[in-house]
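Q: My structure is below; once you've seen it, I'll send some questions.
The values are calculated or read from the model by the stated rules, or taken from the named source; none is laboratory data. As the structure is a prediction and not an experimental result, all values here were calculated from the model. Virtual Cβ from ideal backbone geometry, glycine too; neighbours counted across all protein chains shown. SASA here: full protein model, heavy atoms, side chains in, ligands and nucleic acids out. Shrake-Rupley method; radii C 1.70, N 1.55, O 1.52, S 1.80 Å.
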Amino acid sequence: MKRFLFLSLAFVLLMGAALSVSAQKATRITFKKGTRSAVVTGTLNGFKGKRVFVIRVRAGQTMTTEDIGTNPVTLWIKGPPGSNYEQDMAADCHSRNEISPTDAGDYKITVVECEKADPWKGSFKFRVKVR
């Protein structure tokens, strides 16, 4: 019985550790004073990798994103709670987006490799503009 209890506890601890390692805290995107855009960079380790960013915008603005790196990415964008925003799912990699007008709040941008291109591992770069 003690062995079963020990194995169960060990399993729960290992699963908790695995979940905490795979969970990723979102990185906040901020602009330098006086600018309306930022270049965001990071790395991915394959098709299962992802990076999560958040950006706060005011109501009525226009936000655009575009992939400007050499490795193609898909940018999944989710609006703030209560937003009616739905991303346009074009036939490309979904790296160019325009949201106008925006709802106030945090938009979540998840970066993954474009599955419509050749596999790669390494760095990515995209630009986000808000006006």
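Q: Under 9 Å between Cβ atoms, which residue pairs at least 6 apart in sequence (or on different chains) link something in the stretch 27-56 that is over 17 Å from Ile109 (Cβ atoms) and in contact (Cβ under 8 Å) with a residue 12 or more places away in the chain with a partner that is part of a strand (DSSP E or B) and of a type in the set (A, V, I, L, M)?
A: Correct list of pairs: Phe47/Val112.
Q: On to the next question. Among residues belonging to the stretch 85-115 that are in a strand (DSSP E or B) and under 13 Å from Asn71 (Cα atoms), point out the one that is most open to solvent (accessible area, probe 1.4 Å).
A: Per the criteria, the residue is Val112.
Q: Take the residues of the stretch 116-131 that are in a loop (DSSP other than H, G, I, E, B) and in contact (Cβ under 8 Å) with a residue 24 or more places away in the chain: which is farthest from Gln24 (Cα to Cα)?
A: The extreme case among them is Arg131.
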